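Each remark here refers to the structure printed beneath this line.
The values are calculated or read from the model by the stated rules, or taken from the named source; none is laboratory data. All values reported here derive from a predicted model rather than from experimental measurement. When we count neighbours, we look across all protein chains shown, and the Cβ atoms used for this are built from the backbone with ideal geometry, even at glycine.
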Amino acid sequence: MKKKPLVFGIGQCSLDYLGLIDEYPAPDIKCECSNLVVQGGGPAATALVALKRWGCDCCLAGVVGDDDFGGRILSSLDEEGIDRNGVLVRKGRSSQFAFIVSERSRPRRTIFWRRPTGNPLQSGEVNLERLASSSALHTDGLFIEASLTAAESAKRAGIPVIVDAGTLRNGMLELAVLSDCFVTSEDFSKALGGTPEETCRILADLGVRLAGVTLGSNGSIVLYEGRFIRKAAFTVEVVDTTGCGDVFHAALTYSILKGWDIEKTLDFAGWAAAMTATRLGGRSGIPTALDIEARFP
């Protein structure tokens, strides 16, 4: 990357409250949590935060309400230097919010969340002129109509489309047809009704060049140029797995922009996700640009 590339993001931006507990409780009892952290979240927004810290310019299109959460979400994007002119404020509506509980005893967390109550981002609200000047489109598919419009425009312009497919929603497979890199969560793969290998084949048959499934502590599997590649998860002392998938996908986007080969790409993505898990919150543990240069020269 000789100059700073622009990554155009579409999707979720949230305010996250995160706490640690010893073990997830049974119903109807009190459970004390510790180490409460409040920070911005959301798959697309967190991915852009990582990419910005790694040297890319980033702009986000999404939706917040005019509540206190919305103001804090926008402030978190401003603090990271992300262009959030495409994040629309829906008057009289509530912003996306999550409360996340991570267990000390095992590497897992439970997310309670509410999507924004305002109208989803519409196709006509996407700044396609801004997109045309970008180097990559990165989306989590929550605003599916807007994402499809942007992906169609990006594909016509030869701009790579990277999708963080966490949930199998209506339109996601149509989005896959327009994607260069489409990596799903294990839940998405199960909802599709097959094994991770079968999910990769389905996506590849739709035209996805880099098709894959993330498998948590079991690493990941991708199908690339007709070859399955399996990667084990990096071993770290896990504090919280929130944001690991977001940063994994950010690393895929970064690697595509850098032109790295598939082995280096997947090693970097797995390592970046593992580093994220060493801190509470999806953004606290994102590795720095200097960390990346040291490990992936």
Helices (runs of 4 or more DSSP H) completely within region 139-227 that count 2 or more residues being farther than 20 Å from T241 by Cα, out of contact with any strand residue (DSSP E or B) (no Cβ under 8 Å at 6 or more places or on another chain) and of a type in the set (K, R): none
Might you let me know whether region 20-39 holds any residue that is assigned to a loop (DSSP other than H, G, I, E, B), within 21 Å of the chain's Cα centre (by Cα) and under 30 Å from I159 (Cβ atoms)? no
Taking T278, is it under 16 Å from the mean Cα position of the chain (by Cα) and either farther than 21 Å from L51 by Cβ or of a type in the set (S, T, Y) (or both)? no
Filter region 94-114 down to residues that are among the small types (G, A, S) and part of a strand (DSSP E or B) and give me whichever is surrounded by the most Cβ atoms within 10 Å (Cβ to Cβ). S102
Tell me which residues, restricted to region 47-93, are β-branched (V, I, T), in a helix (DSSP H, G or I) and in contact with a strand residue (DSSP E or B) (Cβ under 6 Å, 6 or more places away or on another chain). I73
Are any of the residues in region 23-39 touching a strand residue (DSSP E or B) at 6+ places or on another chain (Cβ under 9 Å), over 24 Å from E103 (Cα atoms) and either of a type in the set (S, T, Y) or surrounded by 19 or more Cβ atoms within 10 Å (Cβ to Cβ) (or both)? no
Might you let me know whether region 144-152 holds any residue that is closer than 27 Å to K52 by Cα, without any contact (Cβ under 8 Å) to a residue 12 or more places away in the chain and among the small types (G, A, S)? no
Filter region 260-280 down to the residues that are assigned to a loop (DSSP other than H, G, I, E, B) and touching a residue at least 60 places away in the same chain (Cβ under 8 Å), then identify the one that is surrounded by the most Cβ atoms within 10 Å (Cβ to Cβ). A277
Whether any residue in region 23-33 is touching a Pro at 6+ places or on another chain (Cβ under 9 Å), modelled with pLDDT under 95 and more than 17 Å from G281 (Cβ to Cβ) is what I want to check. yes
Could you tell me whether any residue of region 230-253 is out of contact with any Cys (no Cβ under 8 Å at 6 or more places or on another chain) and assigned to a strand (DSSP E or B)? yes
Could you look through region 67-93, keep only residues that are of a type in the set (A, V, I, L, M) and in contact with a Leu (Cβ under 6 Å, 6 or more places away or on another chain), and pick out the one that is surrounded by the most Cβ atoms within 10 Å (Cβ to Cβ)? I73
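Here's the yes/no breakdown for (1) touching a Pro at 6+ places or on another chain (Cβ under 6 Å); (2) more than 29 Å from N35 (Cα to Cα); (3) in contact (Cβ under 8 Å) with a residue 12 or more places away in the chain; (4) surrounded by fewer than 24 Cβ atoms within 10 Å (Cβ to Cβ):
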{"site": "L210", "(1), (2), (3), (4)": "no, yes, yes, no"}
{"site": "N218", "(1), (2), (3), (4)": "no, no, yes, yes"}
{"site": "V238", "(1), (2), (3), (4)": "yes, no, yes, yes"}
{"site": "Y254", "(1), (2), (3), (4)": "no, yes, yes, no"}
{"site": "K258", "(1), (2), (3), (4)": "no, yes, yes, yes"}
{"site": "G282", "(1), (2), (3), (4)": "no, no, yes, no"}
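I'd like to verify a number: residues in region 70-85 that are hydrophobic (A, V, I, L, M, F, W, C) and more than 12 Å from Q39 (Cα to Cα), how many?
Selection size over region 70-85: 1.
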Given the conditions (1) out of contact with any helix residue (DSSP H, G or I) (no Cβ under 9 Å at 6 or more places or on another chain); (2) under 16 Å from A47 (Cβ atoms), and given that D205 satisfies all but one, which numbered condition is not satisfied? (2)
